[in-house]
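Reading through the structure tokens given below for one structure.
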2 protein chains.
Amino acid sequence: MPAKPARKKAEPTLALDGNGPIYKQIERAVRGEILSGRWPPGHRIPPEHTLLQWFSTTRATVSKALTKMTEAGLLERRRKQGTIVAQSTESHAVIGFLDIRKEIEAKGREYSYRVLRSAKIVAGPKTAAWPEVPAGTPILHLQAVHSGFGKPEVLEERFINLEAAPDAVHADFEAETPNIWLLARLPCTRLRHSIKAEIATAEQAQQLQIPANGPLLVSRRRTWADALPVTCVKLVYPGERNEFVGEFNPLES
Amino acid sequence: MPAKPARKKAEPTLALDGNGPIYKQIERAVRGEILSGRWPPGHRIPPEHTLLQWFSTTRATVSKALTKMTEAGLLERRRKQGTIVAQSTESHAVIGFLDIRKEIEAKGREYSYRVLRSAKIVAGPKTAAWPEVPAGTPILHLQAVHSGFGKPEVLEERFINLEAAPDAVHADFEAETPNIWLLARLPCTRLRHSIKAEIATAEQAQQLQIPANGPLLVSRRRTWADALPVTCVKLVYPGERNEFVGEFNPLES
DNA sequence: CCTCTCTTTATGTGTAGACAATAACCGATA
DNA sequence: TATCGGTTATTGTCTACACATAAAGAGAGG
């Protein structure tokens, strides 16, 4: 005798849209709840067991969708506790740091790289920006300009740890930029970078062919191969002409 | 009659290290080959079928490891064609863009947020930095200062689309910064930001209490909720005192 | 009241196998 | 030779199930 089903939960039981793989449909459905605010930050979403019934699929598929969203920072999952909507939707952003050659060529300009100075030194006061190398370490000190159509675009000042890359003294960096040369030889297992703004010195302004005291965007990067410091590079961009742009789309991937 | 086995491949058949989940061990093993240069960019790695034999596991597990690395940009996979090591080992980096309040409080300073100006305007020449809103859209225009111990740290100029967030006119942004306020109400589905260097105007220098013509780091962000532009914000940091730092460890996750 | 243990819930990881989709490859044919 | 078509290798997605692991909660014993 079928008595009144006595609404068990009255939850709307999300629906799939039939587009593409099931795990992506689940992702869209859940994301829709979050983005619409129906599932606010901190909300505990139904457990996998419930979702697999709503969507008539298996745990592996539901889990794949939720795990992906967790990696994207949209959800937080804990055993026993369940899955909750993450608190901070915005946290960090990705910025493109392409190969400078590609950057310049992408603007349709002919690329050239010219080494202004190349000297073998030892770590000391000159490498103050690179505190990780012990004083006395042999270092290759490079100063160079990246240009497009002969017009200087970026200044580069680089230190290369010759204990990590002894061959660097013989390399032809006008044929292959140090960045590329190093990457091809030594794995980069750690990278640290920073960005700041500075005012152009007279020398920099002249080298970049910009007015004196103009703004500069300075990017400094240090890389390691395992525990061994490999290189420290300072890239100087004219502030007026350059902008680092990043785009982040929480909806995808 | 067992003839000489005639070395089939002589491939070293990578080994697992026994630490943690199998798929992570596979990840480390493969990453090791890539970072060491033994598998250079463009190299075709053994198909899943081979790897699952090397590692005595199943396709699902191998696939999980490789798919994860693909999402991280280390590999490229195509049906039938196989899996190859991605060309650009270095491509982009993550930069922390935390809540300014947290940034300042992390330095141990007492945070305060003061609204300098708040005006209801319509989109037009004043919102040139925000081309996505059609002219005539009602906009809330805010100017504010983030301070630590009373000392100005960051200038903020913000536009809020009142069609997206009509309540913003009544919000008390000194109690809750616009960033937090908006995030709690509207989902951010797309975010676009850029960084550039500028020279402080007299007014900015005075507001930030820095010398005139000093360097500034300018970050501009625009966000969308689905297709609807929500806010456009320009954050101005004194270049001397601030640095955006990011750390990236290709070995993890 | 506190602490310990047991149970329960939910996610984390793994196995085994299936079919689908894609694109390279190879052979047959015009 | 060039093109068409079938075969095959490889990844993409899914089902179904199993056991491991973390943590909350309940109950027993002090």
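Brief remarks on what is shown
- An ellipsoid equivalent to segment A:100-238, defined through the eigenvalues of its Cα gyration tensor, has semi-axes of 25, 18, 14 Å when rounded to whole angstrom and sorted largest first.
- Inter-part distance where segment B:104-145 and segment A:101-146 are each reduced to a Cα centre, Å: 40
- Along segment B:33-44 the Karplus relation, 6.51 cos²θ - 1.76 cosθ + 1.60 evaluated at θ = phi - 60°, assigns HN-Hα couplings of 4, 6, 5, 6, x, 5, 10, x, x, x, 5, 8 Hz to successive residues, with x for each Gly and Pro.
- Label-point separation, B:Q87 to B:Q207 (7 Å along Cα→Cβ), nm: 4.3
- Estimated FRET transfer efficiency when R0 is 25 angstrom, pair A:K80-B:T70 (beta carbons, to 0.05): 0.20
- Full-extension gain in nm, A:A128 to A:R44, via 0.36 nm per residue minus C-alpha separation: 25.2 nm
- For A:A225, the residues whose modelled amide H falls within less than 5 Å of its own, excluding neighbours fewer than 5 places apart on the same chain, are A:T189, A:V230.
- Take the Cβ atoms of A:E110 and A:L228, set R0 to 51 Å, and the FRET efficiency comes out at 0.90.
- Centroid-to-centroid separation of segment A:205-237 and segment B:161-195 [C-alpha atoms, Å]: 35
- Rounded FRET efficiency, nearest 0.05, which uses the C-beta distance separating B:S56 from A:K120 and R0 of 35 Å: 0.10
- With 25 Å as the limit, the listed pairs A:K196/B:K120; B:K107/B:K234; A:K68/A:K107; A:K120/A:K196; A:K107/B:K68; B:K120/B:K234 have A:K196/B:K120; A:K68/A:K107; A:K120/A:K196; A:K107/B:K68 beyond it between alpha carbons.
- Relative to the 2.2 N^0.38 Å rule of thumb, segment B:161-220 has a C-alpha radius of gyration ratio of 1.50.
Since every read-out is calculated from the coordinates, none of them should be taken as a lab result. Small disclaimer: the values here were computed from a predicted structure and weren't measured. Methodologically, a virtual Cβ is constructed for each residue, glycine included, from the backbone with ideal geometry; neighbour enumeration extends over all protein chains shown.
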